[in-house]
Amino acid sequence: MEKLSVTIITKNEEKNIARCLESVKWADEIVILDTNSTDRTVEICRQFTDQVFCVDWHGYGKQKNLCADRTANNWVLNIDSDEEITPEGAEEIQTVLRGDSMLPVYQFPRKNFFAQRWVRYGGWYPDQISRLYDKTQVSFTESQVHEKLVPDDKVGSLKNPILHHSYSGMGDYIDRQNRYSTLYASEKMAQGFRVGWSHLILRPPLAFLKNYVVRQGFRDGFLGLFLAISFAFYTFLKYAKTKNT
């Protein structure tokens, strides 16, 4: 069986990191890249692994690649500090690693929880995400936010979901959308991206209709309405910041 390294990037995740690490302690190696945490994150991590490194922030994609560079094995499972691998998921991953005809990257469905509630609609499930990969063939795009594994033309699919304990509540969600929109704007400005009025006027309501109506966010009740409106505002915000940065 191929040996597996788990990579995790962290910053001030003392509330989540123990649960995350407990779920992957079966792996051959755990490597953590921490960005100047001021809480107990590093202390907790060192209870599970001695491969804990503290570095400055370089953006989500770059940070994950730097973490993978420090692993001893070719096969990498990247998870976020607020995610969790189920026992069934661990068995499925190990089955893949025992296989003879492995693909370079595998995706998982992801169950996203909002304040402990599983969000089923509005594009929040199954939320397919690629996380298991051969680092000799695949790496993350080095973007500030919304990084992904490339190349992704040969992707396998696993059936057991990653559990994502994503947002503690509405305030947490809004704070992060504000931060992500700032990162998006910074990156797009550096690329010379030009925002037109259609981005500001048409795309936010289209985002709302897509998530609330087409993807049936209304079936999640008030939470679905909140998430659809919030994402529409995030869509407006990221373009507004790009235009005015």
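The values are calculated or read from the model by the stated rules, or taken from the named source; none is laboratory data. Just so it is clear, the model here is predicted, and its values are computed rather than measured. Cβ sites come from the backbone with ideal geometry, for glycine too, and all protein chains shown count toward neighbours.
Quick check: anything in the stretch 113-135 free of Cβ contacts under 8 Å to residues at least 40 places away in the same chain, over 27 Å from Y180 (Cβ atoms) and of a type outside the set (G, A, S)?
Checked against the condition, which is being free of Cβ contacts under 8 Å to residues at least 40 places away in the same chain, over 27 Å from Y180 (Cβ atoms) and of a type outside the set (G, A, S), the stretch 113-135 yields no hits at all.
Which of the residues that make up the stretch 114-124 are in contact with a strand residue (DSSP E or B) (Cβ under 6 Å, 6 or more places away or on another chain) and in a loop (DSSP other than H, G, I, E, B)?
V119, W124
Could you check, for the stretch 106-118, whether at least one of its residues is at pLDDT 95 or above, crowded, with 17+ Cβ neighbours inside 10 Å, within 25 Å of S230 (Cα to Cα) and among the charged types (D, E, K, R)?
Yes, the conditions are met somewhere in the stretch 106-118.
Looking at the stretch 35-55, can you tell me whether even one residue there is surrounded by fewer than 17 Cβ atoms within 10 Å (Cβ to Cβ), outside any loop (DSSP other than H, G, I, E, B) and either of a type in the set (A, V, I, L, M, F, W, C) or not assigned by TED's automatic domain parsing to the domain that holds N74 (or both)?
yes
Restricting attention to the stretch 82-103, which residues are in a loop (DSSP other than H, G, I, E, B) and in contact with a His (Cβ under 8 Å, 6 or more places away or on another chain)?
D82
Any chance the stretch 75-98 includes a residue that's buried (at least 21 other Cβ atoms within 10 Å of the Cβ), more than 21 Å from S166 (Cα to Cα) and of a type outside the set (V, I, T)?
Checked the stretch 75-98: at least one residue is buried (at least 21 other Cβ atoms within 10 Å of the Cβ), more than 21 Å from S166 (Cα to Cα) and of a type outside the set (V, I, T).
With (1) part of a helix (DSSP H, G or I); (2) farther than 18 Å from Q137 by Cβ as the list, and A68 as the residue in question, which single condition is left unmet?
It is condition (2) that A68 fails.
Conditions (1) loosely packed, with under 15 Cβ neighbours inside 10 Å; (2) free of Cβ contacts under 8 Å to residues at least 24 places away in the same chain; (3) in a helix (DSSP H, G or I); (4) assigned by TED's automatic domain parsing to the domain that holds I17, marked per residue:
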{"residue": "D152", "(1), (2), (3), (4)": "yes, no, no, yes"}
{"residue": "N160", "(1), (2), (3), (4)": "no, no, no, yes"}
{"residue": "R176", "(1), (2), (3), (4)": "yes, yes, yes, no"}
{"residue": "A185", "(1), (2), (3), (4)": "no, no, yes, no"}
{"residue": "K210", "(1), (2), (3), (4)": "no, no, yes, no"}
{"residue": "F222", "(1), (2), (3), (4)": "yes, yes, yes, no"}
{"residue": "L225", "(1), (2), (3), (4)": "no, yes, yes, no"}
{"residue": "Y234", "(1), (2), (3), (4)": "no, no, yes, no"}
{"residue": "A240", "(1), (2), (3), (4)": "no, no, yes, no"}
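Say we look at the stretch 25-34 and pick out the residues that are outside any strand (DSSP E or B) and in contact with a Leu (Cβ under 7 Å, 6 or more places away or on another chain); which of these is surrounded by the fewest Cβ atoms within 10 Å (Cβ to Cβ)? Please lay out each step first, then the result.
We begin by selecting, within the stretch 25-34, every residue outside any strand (DSSP E or B); these are 25-28.
This time we only want the ones that are in contact with a Leu (Cβ under 7 Å, 6 or more places away or on another chain), so: 27-28.
On the way: A27: 23, D28: 15.
The selected residue is D28.
Here's a check for you: in the stretch 1-24, which residue that is acidic (D, E) and part of a loop (DSSP other than H, G, I, E, B) is surrounded by the fewest Cβ atoms within 10 Å (Cβ to Cβ)?
E2
Residue check: is P161 farther than 30 Å from Q94 by Cα and modelled with pLDDT of 95 or more?
Working: farther than 30 Å from Q94 by Cα: no; modelled with pLDDT of 95 or more: yes.
Criteria not met by P161.
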